[in-house]
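Taking it in order: structure first as structure tokens, then the write-up.
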Amino acid sequence: MSRSLISSILLTFALILLTPLSTYAIKFNLQAYRYPPAKCIWNAAHPNSLVIVTANVGPGENQRVDIEIIDSSPKKNVYLSKKGIKAESRLAITAHSEGEVGVCFRNWVEGDVSQDKMSKMSRVIDLDVDIGADAVDYNAIANQESLSGLETEMRKLEGVVKEIVDEMNYLKKREERFSSTNVSTNQRVQNFAWFTLIALTGLGAWQILHLRSFFKRKYLID
């Protein structure tokens, strides 16, 4: 195999690893209401993962957009809550639990607005969510530590590889948990089957003895 082919393979592999794995972008219209429901965008995140939320809110009169960042854990942790965000807002949190992180928006109508006008009021939300290695500002790190371009790319590669390893460890633990649950369920089913068999056998024996005793009392058998 030629050296150029090996270099091409290594370069392709590096580009695959450097492809953003946890970047989510969405653009949508957020309808305004007097008492607005929350519109939440959910993304998976592991514990201690850095999450950078960049929200760009379009213009809109008599409207106030609030943002709240929560998670899907049973405790429903609220990481951040901010009212009246405008233009571009950049928010950073660290996930505390395994699950999903939700970025929730509410668009409130303010002032005296007619119902007809209210039905046509909305604001455009441009949302970017970076999680894990993609949330790290490597340019700032490069400037702070005086890293060269190659060293910066290697630092990015290191972060992505670490994220992949963490993901594999998470999947391994999840598989072990599912396997343990499967074994436990099978054991319970087996125990229930044995209990059912013993109960039916005992009930059958009791019925035979009861019928035998009944027939003896009626002098139908000796």
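The values are calculated or read from the model by the stated rules, or taken from the named source; none is laboratory data. Keep in mind that what you see is a predicted model, and the values were worked out from it rather than measured. Note that each Cβ is placed from the backbone with ideal geometry, even for glycine, and that neighbours are counted across all protein chains shown.
A few notes on this one:
- Those residues of segment 75-101 which are among the aliphatic types (A, V, I, L, M), more than 22 Å from residue 36 (Cβ to Cβ) and either outside any strand (DSSP E or B) or without any contact (Cβ under 8 Å) to a residue 12 or more places away in the chain (or both), in sequence order: 95
- Residue within segment 127-134 that is closer than 19 Å to residue 59 by Cα and modelled with pLDDT of 80 or more present: yes
- Residues in segment 32-49 that are over 10 Å from residue 102 (Cα atoms) and surrounded by fewer than 17 Cβ atoms within 10 Å (Cβ to Cβ): 7 in all.
- Of residues in segment 55-84 being in contact with a Ser or Thr (Cβ under 8 Å, 6 or more places away or on another chain), of a type in the set (D, E, K, R) and over 23 Å from residue 123 (Cβ atoms), the one surrounded by the most Cβ atoms within 10 Å (Cβ to Cβ): 71
- The set of residues in segment 147-172 being surrounded by 11 or more Cβ atoms within 10 Å (Cβ to Cβ) and either without any contact (Cβ under 8 Å) to a residue 40 or more places away in the chain or among the polar types (S, T, N, Q) (or both) consists of 147, 151, 152, 154, 155, 158, 159, 162, 169.
- Checking residue 213 against (1) at pLDDT below 90; (2) under 49 Å from the mean Cα position of the chain (by Cα); (3) among the small types (Gly, Ala, Ser), the condition it does not meet: (2)
- Residue 179 among the small types (Gly, Ala, Ser) and either surrounded by 10 or more Cβ atoms within 10 Å (Cβ to Cβ) or closer than 25 Å to residue 45 by Cβ (or both): yes
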